[in-house]
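We did not get these values from a lab; they are worked out from the coordinates using the rules stated. As the structure is a prediction and not an experimental result, all values here were calculated from the model. Backbone-built Cβ (ideal geometry, glycine too); neighbour counts: all protein chains shown.
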């Protein structure tokens, strides 16, 4: 037995950090197939003794220098990776997992490095949640103990709850549970144990499930009392204070343009023509940094949240509503402190100059997108001359941007329509209005000018000034290569090294049956945009310099950009201590904000899915025309295009044949009859099951014949 143990350790030692499968160990240890049970018992003893570790089907030495520590993070391409300290500095590794959703950003992990076929990747051994780990789930009660069935796949096993930790939870409640043994919890061994810290209500109830989503991703609508108290001090703020330090443009005609249900107004816009015939665009952004200052409770909470989260008709704000919906919000007819970017364009719509000023404005009107759209179409209404001029200018700016290689992903979004009681009444596809593009182009231009200002200041002062950039890395070439192969069946070509080829492809597939699928596949091949103090440019927009400056009420990076601008506009009083402070602060701050942005996105998507499940449940038994959105080994994702509702058709439920997934051809093939299903094809499906708590929708094929495109 001892010799076999030694032989196993020798095999693993010679693997040079490679993980080794069971069958390889069986062979290299000199054992035969009949000795499998014996080898498993030996491996079990070595694991128990802490000499080796097991990760799925792989075994590896548990010695020093083999097991590394890292955390789940976004790499420069916005891809989930393991960030760790290597001999060459901070490194990132792809990690192997069968379930992409089983980890969340920020998870601390133990991992080993695996090298196979010239590819180096990480295999996660253990999750090390040194901080408190909270999960939401359903409470299932027994006589003397209970379990929480987690909503998230971070915790693979049900969480054991002893009777003393029930906290009045009852069978079927949706609860928030703290993992008591979070630091020691292993993905493959330890049993998670927890205590109930909050009872949200009955699982399956719509309002309870929405509240659960916020908790699941670490957000809450409520603020601690001390933070509300701090914010309430600004309730009757005297805006006459500090006006001498600001450009007084309260007489300037400016107005806000926002969604109908918006309550916080970040930005106001203006336009004038000077004596030379040039256009003077004004983008005036709420100066949140005047009220939310460093080293305060409000600021600490704002950084923790990182962003506001919009769940249907509810908002979990980044800062208390006293500030977000009142004192900072650019309401019409009241004085408000702002940062103004004045941008001078020639009559050919080229940038001539820009100027950034601390200012005070008095917005003249609060417009909705629909109201501005009506003015653009009818050419009449309040401030129609300004709006029509802005429309003309921004249409030209958009055309110039697209000619320079900006990528315009036309991704449709759903609009949920509620009745007076807040129940889902209908689902429609949002129309991308000209008024929305108008605002978007102005914000893009302001963000770009602010970044160029800091870049030019750095150059003139010969200093590396700290700043937060919004960057978008090059797309994943492997994914683009796979996409290039896939779209050939539709007669398209994609040159993966040419950005213009992507732009051309999007133009060619627009309004085509397969266009929706190809558009989505292109988006998935793109890197995620992230915040970072290191500028690499923005691939999608085609901007070498870009930041987020225009939404400080709802995005923490914008708030920090405002603080930095105040320092840089008053550069004569800029101190080296401030420089070193922000250089040290920004990397972790950017990481936190990128993580929270993704968490907010997941929460918002999940909240929409809940309402989609609620809405479509009334149609069980009804048939729909759907498009095949994706194919997996176990079935096909189909999407009802009228509602953008996605569900699953499982191969086991298709009765005319046995289907298998052909990975190379990206299709499902019937084994006996050879029938083929491809992504992008239309099918008729029947709704058979919905599961609100698990956000699932199941269809079957009503007809196995593929509809003509």
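Listed values, structure above:
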| quantity | calculated |
| --- | --- |
| The chain, helix-only ellipticity at 222 nm - DSSP H runs n ≥ 4, -39,500 (n - 2.57), divided by all residues, nearest 500 | -9500 deg cm²/dmol |
| Cα-Cα pairs of the range 620-701 separated by more than 18 Å (percent) | 37 percent |
| Euclidean distance between Cα centres, the range 297-312 to the range 266-290, Å | 27 Å |
| Antiparallel content of DSSP bridges confined to the chain, in %, to 5 | 90 percent |
| The chain: proportion of alpha-carbon pairs further apart than 50 angstrom, % | 20 percent |
| Rounded tilt (10° steps) of 206-216 against the dominant C-alpha axis of the chain | 80 degrees |
| Neighbour-count ranking [beta-carbon atoms within 10 angstrom, fewest first] of 432, 488 | 488, 432 |
| Cα gyration tensor category, rounded, prolate or oblate, for the range 420-562 with a/c compared to 1.5 | oblate |
| Ranked list, fewest to most other Cβ atoms within 10 Å of each Cβ, for 394, 368 | 368, 394 |
| Where N is the number of residues in the range 515-631, Cα Rg divided by 2.2 N^0.38 Å | 1.55 |
| On Cα atoms only, tilt of 434-461 relative to the major axis of the chain in degrees | 90 degrees |
| Distance between the range 649-665 and the range 588-621 - C-alpha centres, whole angstrom | 29 Å |
| Principal-axis tilt of helix 36-48 within the chain, Cα atoms, nearest 10 degrees | 50 degrees |
| Diffusion coefficient, µm² s⁻¹, Stokes-Einstein with Kirkwood Rh over alpha-carbon pairs of the range 477-526 at 25 °C and 0.890 mPa s | 231 µm²/s |
| Per principal axis, descending, Cα span of the range 598-664 in whole Å | 39, 31, 18 |
| The range 24-46 versus the range 236-264: alpha-carbon centroid distance in Å | 74 Å |
| Relative exposure of 109, 288, 159, judged by other C-beta atoms within 10 Å (fewest first) | 109, 159, 288 |
